[in-house]
Amino acid sequence: MSEKYDVIVIGSGPAGYVAAIRAAQLGLKTACIEKWKNAEGKGVNGGTCLNVGCIPSKALLDSSYKFYEAKEALAVHGIKTSGVEIDVPGMLGRKEGIVKQLTGGISGLLLANKVTSLFGTGKLLAGHKVGYTNFDGVETILEANNVILASGSIPVNIPVAPVDNEAIVDSTGALAFQEIPERLGVIGAGVIGLELGSVWNRLGSKVVCLEAMDSFLAMMDQQIAKETQKILSKQGLDIRLSCRVTGTQLKTTGDKKEVEVTFTDKEGKEVKESFDKLIVCVGRRPFTQGLLAEDSGVKLDERGFIYVNDLCSTSAPGVWAIGDVVRGPMLAHKGSEEGVMVAERIAGHKAVMNYDLIPSIIYTHPEVAAVGKTEEQLKAAGEKYNVGIFPFAASGRALAADEKDGMVKIIAHADTDRILGAHIVGPSAADLVQQVAIAMEFGSSAEDLGMMVFGHPTLSEAVHEAALAVNGHAIHIANRKKK
Ligand code: FAD
Ligand code: AMP
């Protein structure tokens, strides 16, 4: 017998579960279908983010940083350590524990909000119907007034480095190395490659990041990218730009497996280098396999994303799509906000989302974070702007914490002084950039931010000073521009 819902969500990642919860809060009868199975073969909610993405990567980043600190960064504080060791299974076990706690938490939230949580596969059929196949292979046809597709993304595979989950892994495999690889290759010096490379670099791997592009973090403000490259290189990450991987070969010496990577270097020369493990981090692609019946009416764009408009409506009436499976940055918080917007739209509210103010963060140490426009984008658009920079080396709080690398950069319109972008590499950059994002959402000028009282001594004072520096009013550095 077919059951009818107001809303059926397919996928329970940060886009889908948030949409389901918000829809249910708004009084809509909601179901959420999820096909993810954990190691014990049980259905789990949370998607990539909670199971093999944001959360487990941050757990390992935090553990590995504490190890590095205990081993090498405490002496400066007068703390002597010796015999510091890493217990890799212990570290992985902690990560798994956090994943279990949080995925269980999402299931609890769905239940508390009266969302029907269904484990199995969902397929969009014509006319708002959804084919739901449970883990025993039994199919039921469900009906809904609205369907939200939130099927997420998966890692891109490249034929020159096929993942065998032994020597060559993707990001998921790199979150579960049972021992520390002596020599670790990373293809792609993007966000995920740098984070995972940092984890194993801190634990003792010799890490080489091979990046095909000739500029580092090309999408970021290039002043911040250059500073980041300097800091990460100092930490031992061997970042090689203009190096395109063209082949890999698995080799066995005794009982040791290794992978020989062939790449063209920046002079165009062919180079071969061997690694114990190789992580392929060349991006992610939208996942729609088995999701859409031929007559569903939902169209994909030329890159395989589900085609949507600004409000996340697909080409089929009453069918919406959100998160990594649609255009825009592949970030958990972007999908979540789309989920809220769509749930509210379905409930008849006039919600919109501000795509111009989505913060992006790289959780290296120090963190790198950005919101709004880069200098390069503004130059290309012919905008007139002023820049204010404050280095953490001039921050009392940063010096106290021995976190003096990096800077806050704020860009404001030359005529209106409205803040257009904030770019930070430095301690707690992720949280600091959010302060500017909030100011920007309220249309703040650099002067407005400069007029606010910031607690002392805090890292946030660097944001304050950068805002003051935009108009030449910084107190704790010499201003480039005097006013
Ligand atoms: P997903 O999280 O991919 O969830 C989609 C879900 O849909 C999956 O559970 C899948 O099983 C399910 N599904 C698909 N098809 C069907 C179907 N037919 N039936 C039923 N279920 C289906 N982003 C950040 O913002 N911050 C970070 O720090 C960050 N770190 C990351 C680190 C790593 C290593 C990785 C890999 C990603 C990271 N991301 C980060 C990206 C983030 O994980 C994604 O942007 C986010 O998970 C996308 O959410 P989503 O809900 O769109 O899709
Ligand atoms: P991101 O999109 O942030 O995950 O980053 C992926 C990175 O991988 C991009 O910077 C690409 O330039 C890089 N990349 C893709 N293919 C290759 C390749 N064959 N060799 C080296 N780098 C690559």
I'd like the full set of residues that are among the small types (G, A, S) and either in a helix (DSSP H, G or I) or within 20 Å of the chain's Cα centre (by Cα) (or both), limited to segment 233-246. S233
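Out of the residues in segment 243-269 meeting the condition of being over 17 Å from I158 (Cβ atoms) and of a type outside the set (K, R), tell me which one is nearest to ligand 2 (Cβ to nearest atom).
Initially, segment 243-269 is screened for residues over 17 Å from I158 (Cβ atoms), giving 251-258, 265-269.
Narrowing the set further to residues that are of a type outside the set (K, R) leaves 252-255, 258, 265, 267-268.
Numbers: T252: 24, T253: 25, G254: 29, D255: 29, E258: 19, D265: 11, E267: 16, G268: 14 Å.
Within segment 243-269, the match that is nearest to ligand 2 (Cβ to nearest atom) is D265.
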Which one of these is within 13 Å of ligand 1 (Cβ to nearest atom) and part of a loop (DSSP other than H, G, I, E, B): A189, A176, A218? A176
Quick check, is Y17 at pLDDT 95 or above and either in a strand (DSSP E or B) or of a type in the set (A, V, I, L, M) (or both)? no
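From the residues in segment 331-370 that are in a strand (DSSP E or B) and of a type in the set (A, V, I, L, M, F, W, C), which one is nearest to ligand 2 (Cβ to nearest atom)? Break it down stepwise before answering.
Taking segment 331-370 and keeping what is in a strand (DSSP E or B), we get 360-362, 367-370.
With of a type in the set (A, V, I, L, M, F, W, C) added as a condition, the list becomes 361-362, 368-370.
Details: I361: 12, I362: 9, V368: 12, A369: 15, A370: 13 Å.
Here the answer is I362.
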Where residues in segment 154-186 are open to solvent by 10 Å² or more (accessible area, probe 1.4 Å), touching a residue at least 60 places away in the same chain (Cβ under 8 Å) and within 12 Å of ligand 2 (Cβ to nearest atom), which of them is farthest from I33 (Cα to Cα)? V160
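Quick one: would you say E3 is open to solvent by 30 Å² or more (accessible area, probe 1.4 Å), among the charged types (D, E, K, R) and in contact (Cβ under 8 Å) with a residue 40 or more places away in the chain?
yes
Identify, from the list K230, K266, K257, K272, the residue that is in a loop (DSSP other than H, G, I, E, B) and either surrounded by fewer than 16 Cβ atoms within 10 Å (Cβ to Cβ) or not assigned by TED's automatic domain parsing to the domain that holds V326 (or both). First the steps, then the outcome.
Values: K230 fails: in a loop (DSSP other than H, G, I, E, B); K257 fails: in a loop (DSSP other than H, G, I, E, B); K272 fails: in a loop (DSSP other than H, G, I, E, B).
Of K230, K266, K257, K272, the one residue that is in a loop (DSSP other than H, G, I, E, B) and either surrounded by fewer than 16 Cβ atoms within 10 Å (Cβ to Cβ) or not assigned by TED's automatic domain parsing to the domain that holds V326 (or both) is K266.
I'd like to know if segment 123-137 contains one or more residues that are modelled with pLDDT of 95 or more, assigned to a helix (DSSP H, G or I) and not polar (S, T, N, Q). Spell out how you get there, then give the answer.
So the first thing to find is which residues in segment 123-137 are modelled with pLDDT of 95 or more, and the list is 123-126, 129-137.
In the following step, the residues that additionally are assigned to a helix (DSSP H, G or I) were identified as none.
Within segment 123-137 (the criterion being modelled with pLDDT of 95 or more, assigned to a helix (DSSP H, G or I) and not polar (S, T, N, Q)), the answer is no, since none of the residues qualifies.
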Check whether at least one residue in segment 48-67 is open to solvent by 70 Å² or more (accessible area, probe 1.4 Å) and part of a helix (DSSP H, G or I), and report yes or no. yes
Top-ranked residue in segment 68-82 [being without any contact (Cβ under 8 Å) to a residue 60 or more places away in the chain and open to solvent by less than 70 Å² (accessible area, probe 1.4 Å); ranked as farthest from the chain's Cα centre (by Cα)]: G78
Contact list please: Cβ distance under 7 Å, first residue in segment 190-213 and under 17 Å from V84 (Cα atoms), second residue more than 13 Å from ligand 1 (Cβ to nearest atom) and among the β-branched types (V, I, T), pairs at least six apart or on different chains. W200/I180; W200/V207; N201/V207; L203/I86; L203/I180; G204/I180; S205/I180
I'd like the residue in segment 409-430 that is without any contact (Cβ under 8 Å) to a residue 60 or more places away in the chain and not in a strand (DSSP E or B) and, out of all such residues, is least open to solvent (accessible area, probe 1.4 Å). D417
Among R303, R345, the single one that is at pLDDT 95 or above, open to solvent by 60 Å² or more (accessible area, probe 1.4 Å) and in contact with a Cys (Cβ under 9 Å, 6 or more places away or on another chain) is R345
Identify, please: which residue in segment 139-173 is within 13 Å of ligand 1 (Cβ to nearest atom) and assigned to a loop (DSSP other than H, G, I, E, B) and is, among those, nearest to the chain's Cα centre (by Cα)? G152
Just a yes or no: is a residue in segment 195-211 hydroxyl-bearing (S, T, Y), away from ligand 1 (no atom under 16 Å from the Cβ) and over 29 Å from G388 (Cα atoms)? yes
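The values are calculated or read from the model by the stated rules, or taken from the named source; none is laboratory data. Since this is a predicted model, take the numbers as computed values, not measurements. Counting neighbours? That spans all protein chains shown, and the Cβs are built from the backbone with ideal geometry, glycine included. Each accessible area value is taken on the protein alone, full model and side chains, heavy atoms only, with ligands, DNA and RNA left out. Shrake-Rupley method; radii C 1.70, N 1.55, O 1.52, S 1.80 Å.
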